[in-house]
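Since the structure comes first, as structure tokens, the remarks are kept for the end.
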Amino acid sequence: MEFVKPTIEYSQLWPLFVVFGVACLGVVLEAFLPRGRRYLAQTVLALAGLVTALVGTALVGADLVSLGDGVARGNLAMEGTLALDGPTVFLWGVVLVFAIGGVLLFAERRLEGGVSAFAGQAAALPGTEAERQASTSGLDHTEVYPLMMFAVFGMMMFPAANDLLTLFVALEVLSLPLYLLCGLARRRRLLSQEAALKYFLLGAFSSGFFLYGIALIYGFAGSMEFGAINEAIRNDLGNRNLLLVGMGMLAVGLFFKVGAAPFQAWTPDVYQGAPTAVTAFMAAGTKVAAFGAMLRLFYVAFGSDRWTWQPMMWVVAILTMVVGAVLAIAQTDVKRMLAYSSVAHTGFLLTGVLGAQSVTELADGQLTSTQAVLFYLVTYGFATMGAFAVVTLVRDSGGEQTHMSRWAGLGKESPLVAGVFAFFLLAMAGIPLTSGFIGKWAVFEAALSAGAWPVVLVAVLTSVVAAFFYVRVIRMMYFSDPVGDGPNVAHPSVLTAVTIGVGAAVTLALGVVPGPVLDLAGVAGEFIR
């Protein structure tokens, strides 16, 4: 057999390779740099790599638009394993922006008295002399930066994958670093390690479902490439049972990753136990990557069988919204409340997935489901990262104070911090003049255009329920008496302040002037088939 040299489109994929190269270089720095120099070197390297990749993504996107008469046109790269189209480039840009915010939060040291929020020595058992020595010595776990870059690489591959094997590899590259990062908290290490173990075990379980689903789909279609799977569905050449069971198992893996019910059980525990900087990055970045992969899989590979999977998506969307909104009411911890809020937002995003997939199915001026979901991911990500960044500021000598009783009276102690957090909560509730209102309007309109009005009705009702627990926190901050010595607010460095400020500014801007980002999502066009 003659070997055929594979074709790699370096001119279009180089932002992806930059992120991977920076991750590998970060590992080398950990091996050869003295410990005292690693923090600055890793922070600068990660930021430089992400900014370079973001600029490259913009250039690649501009080339795609220039070839498509105002709408991005794509092509298959890496021998058809990756799809480089408008939605891919849009999602790359969003992931990279959130990754930059994540690096800024990772690099914060003022809040912990000159060290980061990550354990000085992860191998030391909690409560032992080794842990105390690592803490008193001011050691930093700077391996978190290359781990984060590997996760970003997986997040960029995930929505671009055009075959099932590449999709699975991207899923694991994305997930494994996050499992480690969740267990590296400097404080409350047992809770952090418990969160990491739960995330790992449930993630491995869902990956098993995903892999078995790949095998069944391959048995049905005789190919792992999305276009070939769609063609096999059109021709109905195989055993229909293999397709249905395989589709369901693939959905289990993706529903776990986005935190959809009934696969959301890991979300509150992991969000609460992980270092808050990791929670912020994971909540925003993973959601973007996983929904991008979900849209491509169901629209491209299973697009011809939409009437089969849409009823399943209706049920999961409704269940996710109800579970997220109802269980959030019972929470007494701010991070767990935000976790169940994330579950509810997953349901809203699934509502958008039910919309019309192509502009040819819509009247002029209506939004496609891809456009609506992409916009919602932007609005959700900035508000979520900003909210979790604010959580890091309310603390005492024992670290972050996330029990809601410790937030009572925050409006008197620090009106600015309370006001910004209240603004993020109002955006998540979908109050007008915030990005959340426009985001919900977009996904609801997309779903209505496809006739999914029962799901939209449930979404509106759960939005009202969700507003209750958001307003409850706001009322506690402004109208409740402080408990004990009251909430204590730490003064962050410019790194966390910039993350919060940008999140608030974008949340306000997209609520007042959403047109540019909606237009950009429209220019991204549709997934290539």
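Observations, loosely collected:
- Matching entry among ASP481, ASP519 (being more than 25 Å from GLY324 (Cβ to Cβ) and in contact (Cβ under 8 Å) with a residue 60 or more places away in the chain): ASP481
- Of all residues in the range 441-455, none are farther than 29 Å from VAL315 by Cβ and of a type in the set (Asp, Glu).
- In the range 403-434, the residues that are of a type in the set (A, V, I, L, M) and part of a helix (DSSP H, G or I): MET404, LEU410, LEU416, VAL417, ALA418, VAL420, ALA422, LEU425, LEU426, ALA427, MET428, ALA429
- Checking each residue in the range 30-52 for being surrounded by 13 or more Cβ atoms within 10 Å (Cβ to Cβ), more than 22 Å from LEU96 (Cα to Cα) and free of Cβ contacts under 8 Å to residues at least 60 places away in the same chain picks out only LEU33.
- The one condition from (1) modelled with pLDDT under 95; (2) among the hydrophobic types (A, V, I, L, M, F, W, C); (3) part of a helix (DSSP H, G or I) that LEU237 does not meet is (3).
- Looking only at residues in the range 415-456 that are of a type in the set (S, T, N, Q) and within 21 Å of the chain's Cα centre (by Cα), the one that is farthest from SER480 (Cα to Cα) is SER435.
- Of the candidates LEU508, LEU495, LEU416, LEU425, the single residue that is farther than 15 Å from PHE348 by Cβ, out of contact with any helix residue (DSSP H, G or I) (no Cβ under 9 Å at 6 or more places or on another chain) and either surrounded by 20 or more Cβ atoms within 10 Å (Cβ to Cβ) or hydrophobic (A, V, I, L, M, F, W, C) (or both) is LEU416.
- The residue of the range 464-476 that is surrounded by the fewest Cβ atoms within 10 Å (Cβ to Cβ), among those that are within 13 Å of VAL326 (Cβ to Cβ) and not aliphatic (A, V, I, L, M), is PHE468.
- Filtering the range 378-426 to residues that are at positive phi and touching a Lys or Arg at 6+ places or on another chain (Cβ under 8 Å) leaves only GLY399.
- Which listed residue is crowded, with 21+ Cβ neighbours inside 10 Å and part of a helix (DSSP H, G or I), from VAL22, VAL55, VAL27: VAL22
- Residue in the range 244-256 that is within 21 Å of LEU147 (Cβ to Cβ), modelled with pLDDT of 90 or more and buried (at least 19 other Cβ atoms within 10 Å of the Cβ) present: yes
- Residue among ILE229, ILE217 that is farther than 28 Å from PRO177 by Cβ, surrounded by 20 or more Cβ atoms within 10 Å (Cβ to Cβ) and touching a residue at least 24 places away in the same chain (Cβ under 8 Å): ILE229
- Yes/no for LEU457 being within 30 Å of LEU367 (Cα to Cα) and in a loop (DSSP other than H, G, I, E, B): no
- Those helices (runs of 4 or more DSSP H) lying entirely in the range 262-380 with at least 3 residues surrounded by fewer than 21 Cβ atoms within 10 Å (Cβ to Cβ): 306-329
- Selection of the range 139-193 for residues being under 15 Å from the mean Cα position of the chain (by Cα), over 25 Å from GLY398 (Cα atoms) and hydroxyl-bearing (Ser, Thr, Tyr) yields only SER175.
- When HIS345 is tested against (1) over 17 Å from the mean Cα position of the chain (by Cα); (2) under 30 Å from ALA408 (Cβ atoms), just one condition goes unmet, and that condition is (1).
- Just so you know, in the range 245-272 the residues that are among the small types (Gly, Ala, Ser) and touching a Ser or Thr at 6+ places or on another chain (Cβ under 7 Å) include one that is nearest to GLY213 (Cα to Cα), and it is GLY253.
- Verdict on GLU143 being more than 21 Å from ALA283 (Cα to Cα) and either modelled with pLDDT under 95 or touching a Leu at 6+ places or on another chain (Cβ under 9 Å) (or both): no
The values are calculated or read from the model by the stated rules, or taken from the named source; none is laboratory data. Every value quoted in this text rests on a predicted model; they were computed, and no experiment measured them. A quick note on method: Cβ atoms are made from the backbone with ideal geometry, for glycine too, and the neighbour counts reach across all protein chains shown.
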